[in-house]
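J.: Pasting a structure below so you can have a look.
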Amino acid sequence: MDMKKTMIKVGIMISLVNGIVLGALFSSIGMAKSPSGIIPMGVVTSVLLSSVISVIVGFIIPMKTVTEKVNAKLGIEPGQKKALAVLAEGLVGDIIFTPILCSFFVFKNYFQGKLPPQVPIVPYWLKELGLDLLIALPITMIIVPLVRNLALKMFGVPAGKPPQDSADTQ
């Protein structure tokens, strides 16, 4: 299998796992604040929806390219400044994935009548987005590098840095 296809699979796996983790986290937090509490089937449904959305976003937005451009703009050399590179990558993922997922779930709940009608949607959304961004950043900073390393091993990419001319991945 050529490296480009392999790296696309790596990116899909990262997006999928990130979507699963963030979907479970966001839905559990949202449900924990509701009077009905956490509903397991609701969490499962949210995880599935979040996974689909995350994979679609991963196909549309070249996360690896965006992260590399941010690193270049900030003068971060991932091989030398690993902590800064992980932080930058986490911020990129957080800023791209979290608003999309948060917006989807807030508006889904609003249109399904799961939010009281007296709740103003924009302030509610902003509050949820702020909370989700704060929670997702450390999770993304932990999950993405771990999943990337696992995916690279699973797909037989040699240890070390994947080729620069490969397809975009997370």
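The values are calculated or read from the model by the stated rules, or taken from the named source; none is laboratory data. Keep in mind that what you see is a predicted model, and the values were worked out from it rather than measured. Because the Cβ atoms are built from the backbone with ideal geometry, glycine has one as well, and the counts that use them run over all protein chains shown. Please note that ligands, DNA and RNA were not included when accessible areas were found on the heavy atoms of the full protein model with its side chains. Shrake-Rupley method; radii C 1.70, N 1.55, O 1.52, S 1.80 Å.
J.: Mind checking which pairs have a first residue in region 49-68 that is touching a residue at least 24 places away in the same chain (Cβ under 8 Å) and over 12 Å from Ile96 (Cβ atoms) and a second that is open to solvent by 10 Å² or more (accessible area, probe 1.4 Å) and of a type in the set (Lys, Arg), Cβ under 9 Å, 6 or more apart or different chains?
T.: Going by the 9 Å Cβ cut-off, the qualifying pairs are Leu49/Lys108.
J.: Let me ask something additional. Restricting attention to region 101-132, which residues are within 16 Å of Ile20 (Cα to Cα) and surrounded by fewer than 19 Cβ atoms within 10 Å (Cβ to Cβ)?
T.: Answer for region 101-132, where residues must be within 16 Å of Ile20 (Cα to Cα) and surrounded by fewer than 19 Cβ atoms within 10 Å (Cβ to Cβ): just Phe104.
J.: Does any residue of region 34-54 turn out to be modelled with pLDDT of 90 or more, over 24 Å from Lys153 (Cβ atoms) and touching a Cys at 6+ places or on another chain (Cβ under 8 Å)?
T.: no
J.: Working only within region 17-44, note down all residues that are open to solvent by 60 Å² or more (accessible area, probe 1.4 Å) and of a type in the set (Ser, Thr, Tyr).
T.: Ser36 - this is the single residue of region 17-44 that is open to solvent by 60 Å² or more (accessible area, probe 1.4 Å) and of a type in the set (Ser, Thr, Tyr).
Residues checked against (1) modelled with pLDDT of 85 or more; (2) under 17 Å from the mean Cα position of the chain (by Cα):
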{"site": "Pro120", "(1), (2)": "yes, no"}
{"site": "Trp125", "(1), (2)": "yes, no"}
{"site": "Ile143", "(1), (2)": "yes, yes"}
{"site": "Val147", "(1), (2)": "yes, yes"}
{"site": "Leu150", "(1), (2)": "yes, yes"}
{"site": "Lys161", "(1), (2)": "no, no"}
{"site": "Ala167", "(1), (2)": "no, no"}
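J.: A follow-up question, please. Would you point out the residue of region 113-162, among those that are free of Cβ contacts under 8 Å to residues at least 12 places away in the same chain and basic (Lys, Arg), that is farthest from Phe97 (Cα to Cα)?
T.: So the residue we want is Lys153.
J.: What are the residues in region 70-95 that are within 17 Å of Leu137 (Cβ to Cβ), open to solvent by 70 Å² or more (accessible area, probe 1.4 Å) and small (Gly, Ala, Ser), if any?
T.: Ala83
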